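Following: one structure in structure tokens, then a few remarks.
Each value in this text was obtained by applying a stated rule to the coordinates, not by laboratory testing. For clarity, every value in this text was computed on a predicted model and none was experimentally measured. Cβ atoms come from the backbone with ideal geometry, glycine included; neighbour counts cover every protein chain shown.
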Amino acid sequence: MLLIDNSAWSRLLSGAVPQVRANVVVEMLDADEVATCLPFLLEAGYSARSAADHEQSMDRLGTLPSVSIDSEIEATARKAQRELAAVGHHRLSPIDLMIAACAHEAEYGVLHYDRDYDVIAEHTSLNFESLWVAPSGTL
């Protein structure tokens, strides 16, 4: 199971992801192997171009499995930020930290196109698979 990040979602919607890889992700979506969480949904909603686009996106994403944020996930994200600060990386996106904490607690991976997830996986105690929707630097 993978949590999706807006860096992957927006590139999938724009057609930037190579068709072969996009087809794999669509199959995963159809099989309920991709999940959402509130931070991702807020980013996806922020990216909407109109009220109608927002409604359509939220309706589509609302059918996917979801990870709810609880006090454990909050504490995990705060701990990860402290760990990153200790090695000079505290300025990573708070949204990415929350998504990574959700993935860690749910024992999911993260589907993304964002180096932050590799940094989080490398420099914190969070345990999740960092999976690029396409190789870094190719989109």
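Just want the ordering: E55, E33, from fewest to most Cβ atoms lying within 10 Å of their own Cβ. Kindly include the intermediate steps, with their values, before the conclusion.
Numbers: E55 12, E33 15.
Listing E55, E33 from fewest to most nearby Cβ atoms yields E55, E33.
Do any trypsin sites (Lys or Arg not before Pro) in the stretch 1-61 lie in a DSSP loop with no more than 11 other beta carbon atoms within 10 Å, and if so, which?
Details: sites: R11, R21, R49, R60; in loops: R49.
For trypsin sites (Lys or Arg not before Pro) across the stretch 1-61 that sit outside H, G, I, E and B with at most 11 neighbouring Cβ atoms in 10 Å, the list reads R49.
So how much slack lies between E55 and V24, counting 0.36 nm per residue of separation and subtracting their Cα-Cα distance, in nm?
Computed gain between E55 and V24 is 8.6 nm.
Mind listing which trypsin sites (Lys or Arg not before Pro) in the stretch 79-139 are in a DSSP loop and have 13 or fewer other Cβ atoms within 10 Å? Working shown, then result.
Details: sites: K79, R82, R91, R115; in loops: R91, R115.
Counting only loop positions with at most 13 other Cβ atoms within 10 Å, the trypsin sites (Lys or Arg not before Pro) in the stretch 79-139 are R91.
What does the charge count near H104 come to, summing +1 for each Lys or Arg and -1 for each Asp or Glu among other residues with Cβ under 11 Å from its Cβ? Let's see the in-between values first.
Working: positive: K79; negative: E72, E105, E107, E129.
Neighbour charge sum, excluding H104 itself: -3.
Using only the Cα atoms of the stretch 2-132, what semi-axes does the equivalent ellipsoid have when each is the square root of 5 times a gyration tensor eigenvalue? Give whole Å, largest first.
25, 16, 14
Pairs of Cα atoms under 8 Å, at least six residues apart: use those to get the relative contact order of the chain, whole percent.
Details: 187 pairs, mean separation 43.1, N = 139.
Here the relative contact order equals 31 percent.
Kindly state, to the nearest 0.05, the FRET efficiency for E129 paired with Y46, given R0 = 30 Å and r defined as their beta-carbon distance.
Efficiency at R0 = 30 Å is approximately 0.70.
Would you mind checking the tilt of helix 71-86 against the longest principal axis of the Cα atoms of the chain, expressed as 0 to 90 degrees and rounded to 10?
With both axes taken from Cα atoms, the answer is about 60 degrees.
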